[in-house]
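Notes follow the structure.
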Amino acid sequence: MSNSGIIARPKTVIHPIKMKTTLIAAAEVDRLETWQRYASHMCHGCHSTCCTLPVEVKIKDLIRIGVVDEFEKDEPPKNVAKRLQKEGIIERFNQKSGIFTLTRMSNDDCMYLDRKSRLCTIYDKRPDTCRNHPKVGPRPGYCAYKPKVVGR
């Protein structure tokens, strides 16, 4: 064997580092099976996904919010609904149930949800539907949790 000046280097084996990956589940609003069991600590880190669901309200909620006054509550609900639709406050009114549905923005956010902070601008006056969520809703005891996007 001749020595041709080639020096053999020891083989370096690079082992990939196994990193623990944690998947953060994000619910799909329209797929109730993706919703997570509710825990109060979830709200702080959530993108306010519940505020993209249709918000059904009654006349007493509209009075509390301040878009209907005490005198107007005795008027036919259909007339109140007509005015609120013209003003862009409600999307629709179900005459049979007496339920009004609040208007949502083009991205499905509730009209009372602040776009930047993702907090309710009428929190102290919010409708019963919001006060009782997620005890009452499409999947009681569960919420459509999506983590807040950090840095936006």
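General observations
- Relative protection proxy for 100-110, 70-80, from highest mean packing down: 100-110, 70-80 (other beta-carbon atoms within 10 angstrom).
- From most to least packed by mean Cβ count within 10 Å, the peptides 118-128, 137-147 give 137-147, 118-128.
- Neighbour-count order for K135, K148, fewest beta carbons within 10 angstrom listed first: K135, K148
Values quoted throughout were computed directly from the atomic coordinates according to the rules given, and no laboratory measurement underlies them. Computed from a predicted structure; not experimentally measured. With ideal geometry, Cβ positions are generated from the backbone for all residues, glycine too; neighbour counts draw on all protein chains shown.
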